[in-house]
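Below: one structure, written as structure tokens.
All of the numbers you see were taken from the coordinates with simple rules; none came from a lab. What you see is a predicted model; the values in this text were computed from it and never measured. Reconstructed Cβ throughout: ideal geometry from the backbone, glycine too, with neighbour counts over all protein chains shown.
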Amino acid sequence: MLRIGASRIALRSMGAPATRLAPGFLHTSPAVKWTMQFGSLASKRPGAPQLSPMKPIQAAAMRRSITDAQKQAESRYAKEEIKPTPETVSSTSTTNAMSSEARADQPEKKEVDMTAGLKGDLATIRDTFSLSDVPREAYYMGLAGTIPYLATSITTVFCAWETNHSTAGYGYLLDEKNATQLLHLIEPLQIGYGASILSFLGAIHWGLEWAGYGGYQGYKRYAIGVVAPAVAWSTMLMPIEGALITQFLGFVALYYVDVRATVRGWTPSWYRTYRFVLTAIVGASIVLTLIGRGELPDHIPGSADRAKVFQEGSEERLSHDEEARANKQKKKDAAGSDNRAGEEKEDKTR
């Protein structure tokens, strides 16, 4: 070929490519690949690669290699209007790593609600303890029935606190003597009221049997109303701590029986939830009373110790009364003997 200046300039302008290009320029240079790698849609379009980094002769050759189909597709994409998609934008859509950028063909990742489990648990608890089906009269009267239990339990804790914090025999509101007397007064009140409530809950099954609710069950349902007052009556003869524990176990056992009865259809469907709420209040009151009594000073006698003291005091008073009666009889006998002796002397003098 002719080695003229123009030909040398043309050959120098082409230069040697960094990599060997295949026929048809199907592969682009690394620079072109790098700029196209992270495009969401541009990497999928069958258009011509970017030609700006190429030299003029290489760009001209690349333009000649583009087919008519590619030109039509490129013109179609050029006229395409990009529509906004705000639903695809999230708090993590712009924080993906470069090597794992979201593509158009990948499904969108939904945001995970971290509080979904907690919300589900709260909804379950709300549905479990829903008392919307409970008759309002039974609901209000049942809650009112727990007030005496709560009052006696709080009073027990208050008396225990007063006796422990009394200074020189005087507390903030009551002295130790009055607090102890009040504590001894409310003990039989709480035990007696608990026994009556336990008996009442057992008697409800008798009423359901007479009404034929869920069918007539006979002795099985009558037995519930018999065992409950028997257990309640036995607590009246126990010391205060033993009576409270026995009544607590009685309330829990009767709640289990009521749940089983509700499952079998012997009671209304809302009855087990209603019973759970009331049993929880009564059980908490009993536990509160036991805690208060556990904080009493050692010199405050319990019910068993008071009974022993009363018995010993009664024996002492009885022996004292017998001794006084015997002394009185001796004095009377001595006075009678003196009178007879004086009469005998008068008879002899006559």
For the pair residue 222 and residue 280, the simple spin-label estimate (label points 7 Å beyond Cα toward Cβ) gives in nm 3.6
Taking one equal scatterer on every alpha-carbon of the stretch 136-305, how large is log10 of I(q)/I(0) by Debye at q = 0.14, 0.16 1/Å?
-> -0.75, -0.90
In whole angstrom, how long is each semi-axis of the equivalent ellipsoid of the stretch 123-208, when you take the square root of 5 times every eigenvalue of its Cα gyration tensor and sort them from largest down?
-> 37, 18, 9
Separation of alpha-carbon centers, the stretch 232-272 and the stretch 179-228, rounded to whole Å = 8
Distance in nm between label sites at residue 119 and residue 144, each 7 Å beyond Cα in the beta-carbon direction?
-> 4.0
Taking a quarter of the surface of the Cα convex hull of the stretch 216-267, what do you get in nm²?
-> 3.5
Rounded to the nearest 0.05, what FRET efficiency do residue 136 and residue 253 give with R0 = 30 Å and r taken as the Cβ-Cβ distance? Could you check?
-> 0.60
